[in-house]
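Notes follow once the structure below has been shown.
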Amino acid sequence: MTDECIFCKIVSGDIPAKIVHRDDQVVAFEDIKPAAPVHLLIIPTRHISGVRDLADADLPIVGQLVAAATRLAKEKGIHDQGFRLNINTGPYGGQTVYHLHLHLLGGRFMTWPPG
């Protein structure tokens, strides 16, 4: 955990969030500015700044994030109609919180290109 990371503070419980899933490796919660009817953020419990900071030993957490997203899509009723998974990386990629996180978006038709 880093003292200034808002997502680390959500994991520790220092900042409240609408948590929809928690286990030893992953926490998922509702985005405070949803871009779709379902918009969840899925994060590792351990601080990793982003995709560019993943070490080979960290790669299993990416699979755990995707697996959690798939389970949550089923729970939220968007699995069969389709959903979007997005990881923003760096300033040009739209990353605003430097703690690895995956966006699960669904519940409406997604257009392309995004942003």
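Side notes on the structure shown:
- Complete set of residues in region 12-30 that are more than 15 Å from LYS76 (Cβ to Cβ) and open to solvent by 10 Å² or more (accessible area, probe 1.4 Å): SER12, GLY13, ASP14, ILE15, PRO16, ALA17, ARG22, ASP23, ASP24, GLN25
- Members of region 68-115 that are open to solvent by 40 Å² or more (accessible area, probe 1.4 Å) and either among the acidic types (Asp, Glu) or assigned to a helix (DSSP H, G or I) (or both): THR70, ARG71, LYS74, GLU75, ASP80
- Selection count where residues are part of a loop (DSSP other than H, G, I, E, B) and in contact with a strand residue (DSSP E or B) (Cβ under 7 Å, 6 or more places away or on another chain), scope region 1-36: 6
- Any hit, region 56-70, residues being modelled with pLDDT of 95 or more and farther than 18 Å from GLN25 by Cα: no
- Set LYS9, LYS33: member being over 28 Å from MET110 (Cα atoms) and either without any contact (Cβ under 8 Å) to a residue 24 or more places away in the chain or open to solvent by less than 50 Å² (accessible area, probe 1.4 Å) (or both): LYS9
- Condition check for ALA28: at pLDDT 95 or above, more than 28 Å from GLU4 (Cβ to Cβ) and aliphatic (A, V, I, L, M): no
- Residues that are assigned to a loop (DSSP other than H, G, I, E, B) and open to solvent by 40 Å² or more (accessible area, probe 1.4 Å) were ranked within region 50-62; the one that is nearest to ASP3 (Cα to Cα) is LEU54.
The values are calculated or read from the model by the stated rules, or taken from the named source; none is laboratory data. Note that the structure is predicted; figures quoted are calculated from it, not measured. Cβ atoms come from the backbone with ideal geometry, glycine included; neighbour counts cover every protein chain shown. Quick note on the areas: whole protein, heavy atoms, side chains included, nothing else; ligands and nucleic acids left out. Shrake-Rupley method; radii C 1.70, N 1.55, O 1.52, S 1.80 Å.
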